[in-house]
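Step one of this worksheet: look at the structure below.
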Amino acid sequence: MTQGLEGNPIRHSSFVIPHSAILALKTSCDETAAAICTADGVILASRIASQAEIHRKTGGVVPEIASRNHVLHVRPLVEEVLGDAGLSLKDITAFAATSGPGLVSSLLIGTSMAKALAVAEKKPFLAVNHMEGHLLSPFIGGSTIRPNISLIVSGGHTMIVRVRAAGDYQLIGRTRDDAAGEAFDKVAKMLGLPYPGGPEIDKLAREGDPAAFDFPRTMMREKSFEFSFSGLKTSVLYALPAHDLKDRRVLANLCASVQEAIVDVLVEKLVRAAKTFREQLVTVSGGVSCNRRLREKLSDRCAAEKLEVLLASPEHSTDNAAMIAFAAAQRFALGARSPLEADVDPNLPLVA
Ligand code: KG4
Ligand code: ZN
C-alpha cells in the first residue's frame, strides 16, 4: 500500500471484466486520487493518497510540495486501483484526468500520467473538468442523470448550476470573492483550528449556539444567485478581541454562528434557484456538502418546499477520482475524446 493512503478501496466482488472501463486520475490540489469506472457508471475501485498531514504543518497547500508528492503516489495508485478492480492496463478502454481548475503544477502530474498511459496502451485520453466531476457526483451509484439545480460548494468554488443533461449546463451564479469552503478554512485559521478548517468548525459547532453571534448573510436577500463570503471573515475578525478563544464554549458558539451564516445563504439561494427555474430536483456536491448542518437544513427546507434533494455521498464530496471517472464515463458515452496536446488550465470554466 502507498504510504498515506486513506479510505477503503471499493472492490468489484466478481472481478468480471467489464466491456468498457475508464481509469481516471485526479491531482488538482493536494490529493492524489485514482479510480476506475465502467461505461455505465459503476465505480470498480477508488483510492486517495491524502497529503493533508503534510500541508497541515504549513496551514495550507504548498504547490511544489503537493506536486512532488503526486509524483511519488500516482504510479502506485494506478497499480492499486487496477488490483482492486481485478483488471490490467489492457482492460482499460480510456484514460482520463482532471485538467482544471486547480494548481497547474499538480494538474500536470495527473494529466501527463493519463496521457502517457493512453499513448502506451493506444487508447483514448479524456480531459475532465474538476467541477463537472463534483457536479455529477450526486448521481454516482444511483439513478441516471436528470435535470436539476445544483450547488457546488468546495474549497475553491461556490456555484449554482442548472443541469439539463450530462454535458448541458448553465451557470446561474457563483461567488464574487471567497468560496464557502475558503470562508470555513480562513475563519478556522483565525480561531486557531487546524487545516482544513471546515470539518473542525463542523465538529465544534455541534456544541455551540448558532444564534450566539449575528454574523452577516451577505447578498442573501438579493435576487441574484451570486454569493459573497469575504465580509463574514472581517466580521469574525472584529468580534474576536472581545472574546476568549481558550473558552471552549465561546469557541463553539463562534463556530456554530459562522457555520449558520454560511449555511443559511447556501440553502436560501439554492432553494430560490430551484423555484425560479421550476426544477423539482436539487443536488449538492463538493467538500462543504459534508457539512452536517448544511445537510440537515437542506433536507428540512427541501421537504417543506416539496423539492427532491440528492447529496453527494461523503466519500464523493471531498476531492476524489471516482467522480472524475464517473464524469469521464458520461463524456465518453457522448463521444468525447481529448487531444494529447490538451493543456491544463488552472481557471478552466465549467461553461465556456
Ligand atoms: O471539494 P474539496 O475536497 O476540494 C476542492 O475542490 O476545493 O473541498 C475542500 C473544502 C475545504 O475548504 C474544507 O474545509 C471543506 O471542503 N469541508 C468542509 C467540511 N468538510 C470539508 N466544510 C465544512 N464542513 C465540513 N464538514
Ligand atoms: Zn474539488
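Computed from the coordinates by the stated procedures, all read-outs in this text should not be read as laboratory data. Owing to the predicted nature of the structure, the values given are computational and were not obtained by experimental measurement. Note that we place each Cβ from the backbone using ideal geometry, even for glycine, and neighbour counts take in every protein chain shown.
Roughly what would the spin-label model give for Thr58 and His19, points 7 Å off Cα along C-beta, in nm?
So the label points at Thr58 and His19 sit 4.7 nm apart.
Once the Cα atoms of helix 63-85 and of the chain are each reduced to a long axis, what angle between those two axes, in degrees from 0 to 90 to the nearest 10, is obtained?
60
If the chain between Tyr238 and Arg337 were fully stretched, how many nm would it gain, using 0.36 nm times the residue separation less the Cα-Cα distance? Could the numbers behind the result be given before it?
Numbers: separation 99, 0.36 × 99 = 35.64 nm, distance 5.11 nm.
Extending this stretch completely gives an extra 30.5 nm.
Quick one: in the stretch 84-200, what % of C-alpha pairs are over 17 Å apart?
Here the long-distance tail beyond 17 Å is 68 percent of all Cα pairs in the stretch 84-200.
With contacts defined as alpha carbon pairs under 8 Å and 6 or more residues apart, what's the relative contact order of the chain in percent?
Details: 794 pairs, mean separation 80.3, N = 352.
Relative contact order comes out at 23 percent.
For the ranges 170-180, 41-51, what's the packing order if you count other beta-carbon atoms within 10 Å of each residue, average per peptide, and put the highest first?
The densest-packed peptide leads the list: 41-51, 170-180.
What whole number of Å gives the distance from the Cα centroid of the stretch 260-338 to the Cα centroid of the stretch 192-247?
After rounding, the separation between the Cα centres reads 22 Å.
What's the angle, to the nearest 10 degrees (0 to 90), between helix 230-239's Cα axis and the longest principal axis of the chain?
40
If the reach is capped at under 19 angstrom between alpha carbons, list the lysines near Lys189, excluding any in the same chain fewer than eight residues apart.
Lys57, Lys203, Lys233, Lys246
How fast does the chain diffuse by Stokes-Einstein, in µm²/s, taking the Kirkwood radius from C-alpha pairs at 4 °C and 1.567 mPa s?
63
Taking N as the number of residues in the stretch 231-306, what value does Rg over Cα atoms divided by 2.2 N^0.38 Å take?
Numbers: Rg = 15.4 Å, N = 76, 2.2 N^0.38 = 11.4 Å.
For the stretch 231-306, the normalised Cα radius of gyration is 1.35.
Convex hull over the Cα atoms of the stretch 170-219, averaged projected area in nm²?
4.7
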